[in-house]
1. If we scan region 273-294, do we find a residue that is modelled with pLDDT of 95 or more, surrounded by 18 or more Cβ atoms within 10 Å (Cβ to Cβ), within 20 Å of Asp235 (Cα to Cα) and among the polar types (S, T, N, Q)?
2. Return the pair list, or none, for Cβ contacts closer than 9 Å from residues in region 230-246 that are over 18 Å from Lys281 (Cα atoms) to residues that are among the β-branched types (Val, Ile, Thr) and not in a strand (DSSP E or B), at least 6 apart or on different chains.
3. Name every residue in region 99-130 that is outside any loop (DSSP other than H, G, I, E, B), of a type in the set (A, V, I, L, M, F, W, C) and under 15 Å from Tyr146 (Cβ atoms), in order of residue number.
4. Which residues, taken from region 426-436, are over 18 Å from the mean Cα position of the chain (by Cα) and either under 16 Å from Asp293 (Cβ atoms) or assigned to a helix (DSSP H, G or I) (or both)?
5. Condition first: of a type in the set (Ser, Thr, Tyr) and not in a strand (DSSP E or B). Now tell me which residues in region 437-492 satisfy that.
6. Pull out all pairs, ordered by first then second residue, where Cβ-Cβ is under 6 Å, the residues are six or more apart or on different chains, the first lies in region 17-33 and is over 21 Å from Gln472 (Cβ atoms) and of a type in the set (Asp, Glu), and the second is modelled with pLDDT of 80 or more and in a loop (DSSP other than H, G, I, E, B).
7. Taking the condition of being in a strand (DSSP E or B) and on the phi < 0 side of the Ramachandran plot, how many residues in region 594-629 meet it?
Amino acid sequence: MRLLLPLFLFVSLAACKEGGKAPKDLQQYTIEQFFQTESVGGAHFNSDESKILIHSNRSGIYNLYEINLADTNRRAMTASTNESLFAVDYVPGSSDHFLFSSDKGGNENDHLFLQTGPITVKDLTPGVKEKAAFVTWTEDKKHLYYISNKRTPLFFDLYKMDTVKWEGKLVYRNDSGYDVNLISHNERFLVLTRSITTDRNELHLYNTETGDTRKLSSGGTEDAVYYPAAFEPDDAYLYYVTNEGKEFTYVVKYNLATAARETFFETNWDVVNMSLSEKHKYHVLYINEDGRDKVLLYEHATGKEVKLPKIKGGYISGINISPSEKNMILTVSSDRSSDNLYWYNTETKQLKQLTTTFTPDINTNHLVDAQVVRFKSFDGLDIPAIYYKPHQASTSGKVPALVWVHGGPGGQSRAYYSNTIQYFVNHGYAVLAVNNRGSSGYGKTFYKMDNRNHGDKDLKDCVWGRNWLAQQPYIDSTKIGIYGGSYGGFMSLAGIIQYPESFAVGVNLFGVTNWIRTLRSIPPYWESFRKALYDEMGDPGTADSVRLRNISPLFNTDKIRTPLLVLQGSNDPRVLQVESDEIVAGAKANGVPVEYILFPDEGHGFLKKENQMKAARETLRFLNTYLKK
């Protein structure tokens with residue numbers, strides 16, 4: 001559903017119990033100071049590789065900027081004040097025409113736009129309810145491929161569009177719920193996937209000339225997933241990622257002529273993806289190593305690993321390789337500061353920092369590193385978590401804490417920089433981001449452990465995470481809350497309903513409150529995934545509805561006795577506003593302190609800085625009132 005950071009860092013439980021001393025001049029920073037930090041992404045090269053196109057939220061929402069590699073000067077390319085815009089790419093052969101994507105107010109109906117001048121913008125996919133996404137350029141760079149659901153809201157067809165008239169032509173009509181993932185260099189083959197369950201999908205090779213489809217995935221009943229990665233330049237081989245026959249995903253090299261397969265790369269963690277540079281000089285491997293991203297670069301022909309430059313204060317978490325393969329944009333990450341972009345020339349070995357995204361108002365020594373920890377759950381299962389311990393924490397100055405629950409189901413909390421988490425920790429809250437059973441990244445057995453058991457054993461993992469926090473000598477065991485968004489919001493509500501003695505407060509961001517309604521009202525373009533989701537969660541049109549009703553917080557509001565904060569975007573297409581409206585009304589009927597913050601210009605998650613700041617600021621005020629008191 002969101003790649004890349006290196007070295008595995010495991011911190012034992014013992015190491016977390018005392019930690020280092022707080023800086024003598026420890027300062028607490030405002031949310032405005034934290035959000036002076038900039039978030040950047042994209043990094044697409046122009047035709048002569050002298051500039052890159054990025055998106056950044058420095059204006060308060062995401063806009064597009066061009067960075068000159070020679071002097072690092074930045075030029076604003078768009079000036080949107082209402083909608084976030086995300087870089088897709090320069091138009092091949094051009095240094096000033098480019099593509100970007102955007103939706104309306106978080107409704108997730110993304111469109112593709114072409115900009116050819118400061119104010120000359122064309123919507124290439126203008127359907128009112130159309131959702132579209134760029135796929136790739138053709139080898140001659142004269143056409144682009146994109147997917148769109150304009151023909152039917154249920155499925156995404158594949159279109160080919162020329163770069164002169166910018167008119168799209170249907171080239172693959174999708175009536176069977178496939179997802180088009182990859183196109184061969186000669187455009188003869190499409191690689192398709194189809195969801196069966198959330199633990200199993202199918203991989204197919206479609207021949208556009210003959211109309212034949214070849215199934216590449218296993219024909220058995222084994223739960224395995226498959227994701228295509230890349231074609232060799234002559235289209236003789238296809239690389240794909242799978243966990244067939246194993247716990248973790250690995251890369252397979254498939255011979256299209258003989259159907260022979262061989263393991264190309266594997267390790268003891270999930271290989272998330274593999275990419276090939278345009279001239280196929282390099283391949284890049286992306287690994288999810290115990291909650292941290294790791295990037296490996298190799299010479300493709302020889303298999304020899306290429307050593308990337310060491311960068312002080314951070315690690316390389318992403319690589320964009322230019323078409324000439326002489327230049328790379330490296331994304332550099334850190335637990336205590338936001339991502340930055342560096343330019344690296346593979347011939348001269350020159351390394352240059354292109355962005356400085358972190359605010360100088362904050363001393364990073366006053367922030368904390370993410371620690372990977374494990375604790376035993378109710379049945380003895382080891383549960384991984386990402387832990388942030390405040391500098392203020394000590395046995396003589398115990399601090400409150402939050403159990404942080406990720407979205408999904410099937411998501412994963414990662415070790416990374418977060419303005420919001422660091423803001424809470426800087427103000428004296430410990431945060432334990434629990435990767436409960438059912439989380440991705442820890443093998444397919446662990447991933448399947450919450451199927452048809454949501455709000456039960458996975459929730460107990462969060463409760464036992466709370467118990468682990470309570471055992472730390474510097475945590476006030478009476479002041480532990482639960483915080484979550486989306487599926488994590490459901491877990492937060494379930495936590496205060498089922499375990500009111502465990503959690504002193506609950507914070508719910510756009511969480512599911514009525515599973516029957518949510519599963520019936522999923523966006524139409526999720527149709528290809530709907531049956532897989534029903535297989536995991538339960539089908540609301542069958543007897544499964546009994547259990548779905550029992551675990552839905554909305555039908556258990558009479559049990560809410562804990563102060564509750566709810567945050568919701570009005571345009572959320574996944575968890576409708578009514579979900580939050582009704583849970584707030586139900587909790588208030590109990591006379592419980594309930595606060596509700598509604599964002600009229602946001603969807604499933606908050607993109608605008610102003611709204612992100614308000615959400616964090618009001619959450620801290622709520623925590624200070626009802627948890628830290």
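1. yes
2. Val241/Val225; Val241/Thr249; Thr242/Val225; Thr242/Thr249; Asn243/Val225; Asn243/Thr249; Glu244/Val225
3. Let us first name the residues in region 99-130 that are outside any loop (DSSP other than H, G, I, E, B), namely 99-102, 111-115, 121-123.
Subsequent filtering for residues that are of a type in the set (A, V, I, L, M, F, W, C) retains 99-100, 112-114, 121.
Scanning region 99-130 gives Leu99, Phe100, Leu112, Phe113, Leu114.
4. From region 426-436, those over 18 Å from the mean Cα position of the chain (by Cα) are 426-432; that's our starting set.
Scanning region 426-436 gives a single hit, Asn426.
5. Ser439, Ser440, Tyr442, Thr445, Tyr447, Tyr474, Ser486, Tyr487, Ser492
6. Qualifying pairs under 6 Å: none.
7. Kept after step one, since they are in a strand (DSSP E or B), are these residues of region 594-629: 594-599, 603, 605.
With the extra rule that they be on the phi < 0 side of the Ramachandran plot, the set shrinks to 594-599, 603.
Residues flagged as in a strand (DSSP E or B) and on the phi < 0 side of the Ramachandran plot within region 594-629 amount to 7.
Residues checked against (1) assigned to a strand (DSSP E or B); (2) surrounded by fewer than 17 Cβ atoms within 10 Å (Cβ to Cβ); (3) modelled with pLDDT of 95 or more:
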| position | (1), (2), (3) |
| --- | --- |
| Leu297 | yes, no, yes |
| Lys312 | no, yes, no |
| Val332 | yes, no, yes |
| Ser338 | no, no, yes |
| Thr355 | no, no, yes |
| Ile362 | no, no, yes |
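The values are calculated or read from the model by the stated rules, or taken from the named source; none is laboratory data. Model, not experiment: these values are computed from the prediction. Positions of Cβ are generated from backbone atoms using ideal geometry, with glycine treated the same way; all protein chains shown enter the neighbour counts.
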